[in-house]
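Reading through the structure tokens given below for one structure.
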Amino acid sequence: MRIVPLLKSAVLPVILAPGLALATNGYFAHGYGVKSQGLAGVGIALPQDGLAAATNPAGTAFVGDRLDIGATWFRPDRGADIHGNGAGLNGSYEGNDRQNFLIPEIGYVKQLSPSWAAGVAVYGNGGMNTDYGRNPWRSFGASGSAGVNLEQLFISPSLAFKINERHALGLAVNFAYQRFKADGIGPFAAASSAPNDFSNRGTDTATGWGVRVGYTGRVAPALTVGATYATKTRTDSFDKYKGLFAEAGGFDVPANYGLGIAWQATSALTLSADVQRIEYSDVKSVGNSIGLLFAGNAFGTANGPGFGWKDVTVAKVGVSYDIGDWTVRGGYSHASQPIPQDQTFLNILAPGVIQDHLSLGATWRQGKSGELSVAYTHGFRKTVKGSGSIPNSYGGGEADIHLSEDILGIAYGWKF
């Protein structure tokens, strides 16, 4: 298939040049498209722009011909505190040596006929970044800064079919491109099946694909519902880190699914809500517990230890109101906690602990064809305090991890 070399040679250098980093609902983005971001990520039953296929491909049947281009500035504040450790790890550590990230997005939809619509969405699906200039594991002999950088980009061509004027089905193929690097964790390589492919190996890449299907339909004059399901996106392994991740470098993108509802309460007021489930535990390198290491499973083996993440359920609510040439938006989301208290030690590298987001946004319609949209989201600081988190073989004690975020997006849309 020609799309993979095309992505590597032409599209990816442009999209990934600024660097991606996401750590919102676990490590998935809280919303795709600036309009959806203004509603805290709501979008399963409320398609609004060319990025609709990223949430529910059925929605592309209802957005008309359009092109949307945007970018999101993302600023996380992440760190850890270690206390009660007998091996010299105690201290407060900030993982913010790199603080600012830019995440581009592109969406295009073309109505092929009254019944069919096609499109493509390009967006950052997920990611994680930490950069500890003061290495938390220096007393173990680690040198230099410590941290990880995970970037996940999706390019999703989609096709939607209108069953009738009220109901549609959609299908998107998710072509995934991932980049990963890890630095400053060399002392743990002694517990790896491939210690030379564990840390400080530079950036590795992996590609793969999966599918997303969806439905949306107006079941009453003012009420629309939607449903969507994305399969696990199976990707190549990170060969340079086959000694770190379970299954010799495996790092698939987890399956996820959700339901949505949108109610047009008045001609100007729309209320909406989504519920989303992300199956992190089904990816061994993410979901396996560090306890597997002490049951005889080395890092990198078929059932090797991972970050111990649990599946996440996210509830999102949003409200939008039309005022003349403007639409104003607001939203709130709450996610269950992916990281248990006994898994915080390894998650110093990946403290994706935020549970609550509050969003505000607006769109200014400029004539018949132009739209300028903005959205701001704050991810409220969350700390997970370790409990039985540092194994005795590493000196015992506890690791507390924290994260907060500020997210600002801007996009322009053209309707044709």
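Note the per residue figure in Å³ for the convex hull of the C-alpha positions in the range 298-382.
Spelled out: Cα convex hull of the range 298-382, divided by residues, is 141 Å³.
So, counting K/R as plus one and D/E as minus one, what does the shell of residues with Cβ under 12 Å around A168 add up to? Don't jump to the answer; show the numbers that get you there.
On the way: positive: K162, R166, R218; negative: E165.
Value of the local net charge: +2.
Can you give the Kirkwood hydrodynamic radius for the range 313-360, in Å, rounded to one decimal and based on Cα pairs?
13.1
Using a Gaussian network model of the chain with C-alpha springs under 10 Å, which one of H357, H83, H30 is most mobile by mean-square fluctuation?
H83
Given 37 °C and 0.692 mPa s, compute D for the range 201-334 with the Stokes-Einstein relation, Rh being the Kirkwood radius over Cα pairs; round to the nearest whole µm²/s.
Values: Rh = 17.5 Å.
After rounding, the answer is 187 µm²/s.
Taking the chain as a Gaussian network, Cα atoms linked when under 10 Å apart, which of S113, S333, S404 shows the biggest mean-square fluctuation?
Sorting by GNM fluctuation, first place goes to S113.
Order the peptides 104-112, 150-158 from the highest to the lowest mean number of other Cβ atoms within 10 Å of their residues. Intermediate values should be presented prior to the final figure.
Working: 104-112: 21.0, 150-158: 24.0.
In decreasing order of mean packing, 104-112, 150-158 become 150-158, 104-112.
Take peptides 365-372, 116-123 and line them up by average Cβ neighbours within 10 Å, highest first, as a rough protection proxy.
116-123, 365-372
How large are Rg and Dmax for the range 41-88 when only the alpha carbon atoms are used, in Å?
Values for the range 41-88 (Cα only, Rg and Dmax): 20.5, 62 Å.
Would you mind checking the radius of gyration and Dmax of the range 270-309 based on alpha-carbon positions, in Å?
Cα radius of gyration and Dmax of the range 270-309 are 15.2, 54 Å respectively.
Can you tell me which of L349, L67, L223 moves the most in a GNM of the chain? Springs connect C-alpha atoms under 10 Å apart.
With Cα springs under 10 Å in the chain, the top fluctuation among L349, L67, L223 is at L223.
For K162, go through the aspartates and glutamates and keep the ones whose alpha-carbon is under 16 Å away, minus same-chain ones fewer than eight residues off.
Those aspartates and glutamates meeting the cut-off are D65.
Quick one: of K181/K240; K232/K284; K240/K310, which pairs are farther than 18 Å apart, Cα to Cα? Write down the numbers at each step before the final one.
Numbers: K181/K240 9 Å; K232/K284 12 Å; K240/K310 26 Å.
With Cα atoms farther than 18 Å apart: K240/K310.
Within the range 210-260, which trypsin sites (Lys or Arg not before Pro) sit in a loop by DSSP and count at most 16 neighbouring Cβ atoms inside 10 Å? Please list the in-between numbers first.
Numbers: sites: R212, R218, K232, R234, K240, K242; in loops: K232, K242.
Loop-located and lightly packed - K232.
May I ask you to list the trypsin sites (Lys or Arg not before Pro) in the range 130-208 that are in a DSSP loop and have at most 15 other Cβ atoms within 10 Å of their Cβ?
Here the sparse-neighbourhood loop sites are R134, R166.
Would you kindly give the portion of the calculated P(r) for the chain that falls above 36 Å, as a percent of all Cα pairs?
24
For N196 and N392 in one chain, what is 0.36 nm times their gap in residues minus the Cα-Cα distance, to one decimal in nm?
Here the answer is 68.1 nm.
Multiplying the sequence separation of K368 and I69 by 0.36 nm and subtracting their Cα-Cα distance, what value in nm do you get? Working shown, then result.
Numbers: separation 299, 0.36 × 299 = 107.64 nm, distance 1.75 nm.
Using 0.36 nm per residue and subtracting the Cα-Cα distance, I get 105.9 nm.
If r is the Cβ-Cβ distance from Q99 to S139 and R0 is 30 Å, what FRET efficiency results, to the nearest 0.05?
According to the calculation, E is roughly 0.70.
None of the figures in this text is laboratory data; all of them are computed from the coordinates on show. This structure is a prediction, so every number in the text was calculated from the model and none was measured. In this analysis, Cβ positions are derived from the backbone assuming ideal geometry, glycine residues included, and neighbour counts consider all displayed protein chains.
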